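S.K.: Below are the structure tokens for one structure; questions will follow.
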């Protein structure tokens, strides 16, 4: 990472604004390599130099990746006048980081949703050319059978003419299944089951590529991806 102005670097954490960062520096609350620095324009390399505020070391990343356990009732958008969005589930310091959802889940769909400010990798993960699997747990009305698995595996043409690529369906019980998609068309899982006469009553995304929803993450909670998890996402594309 190239050297950056100290006040800009502090603001990049999302915990403080640029103006608040300047005040912290000028008041002597910021140290670089243990030495107080009072000039906001001081250039710092965050990969090589230790920066502390109030004695607490700051960790800097060029890009942020967050795993969110999305609950129902939230829109997968950065803003919307019609209701709450997934951004409302994040603290203010993260909302300042210009994060956006990687793909979308329907308002009533729960489960794994990634948020990031790294546009290039996010775009690649969503590209149909990359064939990144997305796995959903679905509960439906009506009994599931092998004929449904075959219909999913062959691909479908829906009533409105939409072509759906072949998908996987693993039956868990008479009314439950795991669906694996390599595309993400609007309401696709629901529409494919509806085409089979078995409407979805509950839907949850449990995996994306080689990343699965953390079982210890409650609904509405989030955590940062580990370096290994981010590297594994890069390997997919």
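The values are calculated or read from the model by the stated rules, or taken from the named source; none is laboratory data. Computed from a predicted model, the values in this text were never measured in an experiment. Heads up, the Cβs are rebuilt from the backbone with ideal geometry, glycines too, and the neighbour counts pull from every protein chain shown.
S.K.: Out of curiosity, is residue 71 surrounded by fewer than 18 Cβ atoms within 10 Å (Cβ to Cβ), modelled with pLDDT of 95 or more and closer than 19 Å to residue 224 by Cα?
M.R.: Judged against the criteria, residue 71 is a match.
S.K.: Let me ask something additional. Residue pairs, Cβ under 6 Å, 6 or more apart or interchain, first in the range 80-94 and in the same structural domain as residue 13 (by TED's automatic domain parsing), second assigned to a strand (DSSP E or B) and surrounded by 14 or more Cβ atoms within 10 Å (Cβ to Cβ). List them.
M.R.: Final answer for the pair search is none.
S.K.: Report whether or not residue 82 is within 30 Å of residue 181 (Cβ to Cβ) and loosely packed, with under 12 Cβ neighbours inside 10 Å.
M.R.: Taking the combined requirement at face value, the residue satisfies it.
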